[in-house]
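Student: Sharing a structure here in structure tokens format.
The values are calculated or read from the model by the stated rules, or taken from the named source; none is laboratory data. Quick caveat, the model's predicted, so the values are computed rather than measured. So basically every Cβ, Gly included, is an ideal-geometry build from the backbone, and we count neighbours across all protein chains shown.
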Amino acid sequence: MTPRDGDRLRSALAAGLFGTCPRCGRGHVFSGFLAVAPRCSHCGLDLGFADAGDGPAVFVSLIGGFAVLGAALWTELRYEPPLWLHLVVFLPLTLIVCLGLLRPLKGILIALQYRNKAEQGRIEG
Ligand SMILES: [Zn+2]
């Protein structure tokens, strides 16, 4: 990995985090909360290649589940609060963490898909 590759990776991650175009870094990738725009509003990059599939949901489940479940377990072991308090605190927290992570992770996966020219496999024949 060369220093230039590191810069490109950092810029792809930043573009994904902020939902900006992976090519120009200025236009927007999303036209809704999770809907991908047909093309970049600044440079016109065709975003038809963007298909993150279930990737964002998997990462959200793993990262968000680990964080929220870890916090719930730590709270239970440390303070032993009643069950209703767990429900009042950790159910909304789960929703907030998962929805908060979903869009940035989808943006990162789309940016990495563009950077690595990832596409559906084909059989030549
Ligand atoms: Zn662009």
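Student: Quick check on this structure: which one of GLY48, GLY53, GLY64 is without any contact (Cβ under 8 Å) to a residue 12 or more places away in the chain, away from the ligand (no atom under 16 Å from the Cβ) and not aliphatic (A, V, I, L, M)?
Tutor: Result of the check over GLY48, GLY53, GLY64: GLY53.
Student: Mind checking which residues of the stretch 18-38 are small (Gly, Ala, Ser) and either under 14 Å from GLY48 (Cα atoms) or modelled with pLDDT under 90 (or both)?
Tutor: Selection gives GLY25, SER31, ALA35, ALA37.
Student: Specify which of the listed residues (LEU77, LEU69, LEU102) is part of a helix (DSSP H, G or I), in contact (Cβ under 8 Å) with a residue 60 or more places away in the chain and out of contact with any Lys or Arg (no Cβ under 8 Å at 6 or more places or on another chain).
Tutor: LEU102
Student: Moving on to the next point. Which of the numbered conditions does GLY25 fail, given that it passes all the others? Conditions: (1) surrounded by 14 or more Cβ atoms within 10 Å (Cβ to Cβ); (2) part of a helix (DSSP H, G or I); (3) within 16 Å of the ligand (Cβ to nearest atom).
Tutor: (2)
Residue-by-condition table, conditions (1) of a type outside the set (Asp, Glu); (2) touching a residue at least 12 places away in the same chain (Cβ under 8 Å); (3) farther than 12 Å from PRO104 by Cβ; (4) in contact with a Lys or Arg (Cβ under 8 Å, 6 or more places away or on another chain):
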site: ARG4; (1), (2), (3), (4): yes, no, yes, no
site: ALA12; (1), (2), (3), (4): yes, yes, yes, yes
site: LEU17; (1), (2), (3), (4): yes, yes, no, no
site: CYS21; (1), (2), (3), (4): yes, yes, yes, no
site: CYS24; (1), (2), (3), (4): yes, yes, yes, no
site: PHE30; (1), (2), (3), (4): yes, yes, no, yes
site: ALA37; (1), (2), (3), (4): yes, no, yes, no
site: HIS42; (1), (2), (3), (4): yes, yes, yes, yes
